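Structure first, commentary second.
The values are calculated or read from the model by the stated rules, or taken from the named source; none is laboratory data. Note that the coordinates shown come from a computational prediction; the quantities given were computed from them, not determined experimentally. Every residue, glycine among them, receives a Cβ derived from its backbone with ideal geometry; neighbour counts consider all protein chains shown. Calculation scope for accessible area: heavy atoms of the full protein, side chains included, ligands and nucleic acids excluded. Shrake-Rupley method; radii C 1.70, N 1.55, O 1.52, S 1.80 Å.
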Amino acid sequence: MAYSFSPQKNHQVFPDFFSSLKDPRRSKKGNYLYPLDEILFLCISSVISGANDWTTISLFGRTKIAWLRQYFPYKNGIPSHDVLGKVFAALDPVEFNKCFTNWVKSLSDLTKGEVIAIDGKTICGSDDKQRGKSALHVVSAYAAGNRLCLGQEAVDQKSNEITAIPALLKLLSIKDCVVTIDAMGCQKAIADAIIDRGADYVLMVKDNQQELKEQVEKVLSISCKTNSDQELDVGHGRIEKRDCLVTDDLTFLDVKEEWPGLKSIAKVTSERIDKKSGKKSIQDRYYISSLPAKAKVINKAVRNHWAVENNLHWVLDVVFKEDGALKKKENSPLNFNIIAKMALTLIDNEKETKKSKPNKRMLAALDDDYRSKILKC
């Protein structure tokens, strides 16, 4: 089975994205040929409209073929769900990811100091126990201010995030941004890679860097030169207070020379109260950073890191039903993850309609004009 890209001369939708795909082969079912640009446009349009698998994508295409033909000829009709599955199982996810990253660059306008949160998510439905294949783990970079995924890198296991993060950083244009990563990414090589890209970092320190954590705790407990900030959040059934304590007095931090660009260390104390039960919990988290010792800036960066969980991973799970979809064959799970992120980006970019993401998808399914509006954002 093979697949193709046959570019149209006058694309109204995703011109940069489609022009970056170059493959001379074609997908086929019998004697019918389906150009890859038609397949991609079909998939993105249908996922925006609520489809979460190949069967519903094919059904959407057959139902909305008159609308689809406003943009592409579809002279051979709509491919079946089997053809779609085989195409995306064969499509090279590395090249597809490059196309996605280049397309996102054309949409994003990263500002100085914008938080780029890097975190991993396991696609639970992608495992294939019969073939001994574990579930894919995808490390994503999420721009909190722009509310879009800048790129991703796939690995076989969560423990491989350490090697995936430097590879992902090489794909990104993040000069003057602030990269935040949880404790898994608190590695000297990763700190060096971030500095090399012209960005700053805020890295969580936990027990995987035991000596560093102990020294950070010690320095913050004895330092007289500190800067503090407090933030209060009320919502989602809870009240959360975050106190951030920062210092750049690293005189007694023995390992400071080992960490490229290190300028400050921080402690964030989170106090949460559940409104319904009244239950209180307190947690201390520690960070190292290449930023100056400005508690307000670091506190904001730590808070914005959770955007990758709340606005990307949670949405892929709950709105796009990623973990429940059983896409197991070859490259299919990773390529569908990229399509879902494209659809999410376009939905987020449509800001005139003040509706939730599920309701935007429902509206796109029902209203051809609204679907066109999202696609042209």
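Please give the peptides 358-364, 336-342 ranked by average Cβ packing (other Cβ atoms within 10 Å per residue), highest first, as a rough proxy for protection.
Going from most to least packed, we get 336-342, 358-364.
How about K275: which aspartates and glutamates have a C-alpha closer than 12 Å to its C-alpha, ignoring those fewer than 8 places off in the same chain?
Output for K275: E240.
I'd like the carbon and sulfur percentage of the solvent accessible area for the chain, probe radius 1.4 Å, heavy atoms only, ligands and nucleic acids excluded.
C and S fraction of accessible area: 49 percent.
If you count only protein heavy atoms with a 1.4 Å probe, what accessible area per residue comes out for the range 48-183, rounded to a whole Å²?
Value returned for the range 48-183: 41 Å² of accessible area per residue.
Extending each Cα 7 Å along its Cβ direction at W67 and L232, get the distance between those two points in nm, one decimal.
4.6
When a/c reaches 1.5 or more, the comparison of a/b and b/c decides; with that in mind, is the range 165-286 rounded, prolate or oblate per its Cα gyration tensor?
It comes out oblate by the Cα gyration axes.
So, taking all protein chains as they sit and a 1.4 Å probe, how much accessible area belongs to E153, in Å² rounded to tens?
50
If you work out Cα extents along the principal axes in Å from the coordinates, which of (i) 76, 42, 42; (ii) 56, 53, 44; (iii) 71, 52, 43 do you get?
The value computed from this structure is option (i).
With a ≥ b ≥ c taken as the square roots of the eigenvalues of the C-alpha gyration tensor of the range 220-377, please select rounded if a/c is under 1.5 and otherwise prolate if a/b is larger than b/c or oblate if it is not?
Judged from the Cα gyration tensor, the range 220-377 comes out prolate (a/c at least 1.5, a/b above b/c).
How many angstrom separate the Cα center of the range 209-286 from the Cα center of the range 353-373?
When both Cα centres are located, 41 Å separates them.
Past 28 Å, Cα to Cα, is the threshold; run K280/K360; K256/K300; K218/K263 against it and keep the listed order.
K280/K360
Out of I273, N310, T345, whose Cα points farthest toward the positive end of the dipole of the range 254-373 (charges: +1 Lys, Arg; -1 Asp, Glu; placed on Cβ)?
I273
So which chymotrypsin sites (Phe, Trp or Tyr not before Pro) in the range 210-301 pass both tests, a DSSP loop state and at most 15 other Cβ atoms within 10 Å of the Cβ?
For chymotrypsin sites (Phe, Trp or Tyr not before Pro) across the range 210-301 that sit outside H, G, I, E and B with at most 15 neighbouring Cβ atoms in 10 Å, the list reads F252.
Using the charge dipole of the chain (Lys, Arg: +1 at Cβ; Asp, Glu: -1 at Cβ; taken about the Cα centre), state which of T251, T180, P333 has its Cα farthest towards the positive end.
P333
Accessible area, 1.4 Å probe, largest first: how do K170, K276 sort?
The ordering from most to least exposed comes out as K276, K170.
Could you order T180, T353, T226 so the one with the most accessible surface comes first? Probe is 1.4 Å.
The residues order as T226, T353, T180, largest area first.
For K121, go through the aspartates and glutamates and keep the ones whose alpha-carbon is under 18 Å away, minus same-chain ones fewer than eight residues off.
Correct list for K121: E153, D156, E161, D182, E309, D317, E322, D323.
Please give the peptides 72-81, 135-144 ranked by average Cβ packing (other Cβ atoms within 10 Å per residue), highest first, as a rough proxy for protection.
With the highest mean Cβ count within 10 Å placed first, the list reads 135-144, 72-81.
If each DSSP helix of 4+ residues adds -39,500 (n - 2.57) and the sum is divided by the residues in the chain, what number results at 222 nm, nearest 500 deg cm²/dmol?
Value at 222 nm, helices only: -11000 deg cm²/dmol.
For the range 226-231, take each phi angle, set θ = phi - 60°, evaluate the Karplus expression 6.51 cos²θ - 1.76 cosθ + 1.60, and give the result in whole Hz per residue in order, putting x for glycine and proline.
10, 10, 10, 8, 10, 10
Assigning unit charges at the beta carbon (Lys, Arg +1; Asp, Glu -1) and nothing else, what dipole magnitude in debye, to the nearest 20, does the range 133-262 show about its Cα centre?
440
What order do R62, R242 take when sorted by accessible area (1.4 Å probe), most exposed first?
Of R62, R242, the descending order of accessible area is R62, R242.
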